[in-house]
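Input: a single structure, listed below in structure tokens.
What follows is calculated from the coordinates using simple rules that are stated; it is not laboratory data. Worth saying up front: this structure is predicted, and the values here are computed from it rather than measured. Every residue, glycine as well, gets a Cβ built from its backbone with ideal geometry; the counts of neighbours run over all protein chains shown.
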Amino acid sequence: MTKKDKGISVNLISRHKLEELSSNEKLDFILKEVQSGKVLVLEQGLTSMEQTSLIEHTMREIEQDTFIGIEMEGYSEDRPTFLQKFLGKMKKPRMTVIGPADLLKTIRKDNNMIQTKIIPGKRS
């Protein structure tokens, strides 16, 4: 983002893009994008383990002057039925929204919608 560009970038990331990355590559990609001030909407969300790893990775990267952390909201995996476990057909997590903590605030979340607010002007 250039200094002339006053808008906030929202990137919609396809599940195909995420599927071609290892778990570590996915987390590095997400963190790099969010550190640069972008808000990401992931078509296929993160697993519980990936969310935990992303938070841990983010905590190591926090710098009070330039990067205060992330805001993340998403839908976790549905609990698999016995038959799904037996057949090895685990459901993938649904959409996840991730952005810089100083730009993105979650307003409300229910089973069908995540409502967030992007707060412009917080970044220099």
_Can you give me the distance in nm between label points at residue 95 and residue 57, each placed 7 Å from the Cα along the Cα-to-Cβ direction?_
2.3
*List, in order, the whole-Hz ³J(HN,Hα) value for each residue of the range 47-63 obtained from phi through the Karplus relation with A = 6.51, B = -1.76, C = 1.60 and θ = phi - 60°; use x for Gly and Pro.*
6, 4, 5, 5, 4, 4, 5, 5, 5, 4, 4, 5, 4, 6, 9, 4, 9
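I'd like to compare 104-115, 46-57: which one has the highest average count of other Cβ atoms within 10 Å, and what's the full order after that?
By packing density, highest mean first, the sequence is 46-57, 104-115.
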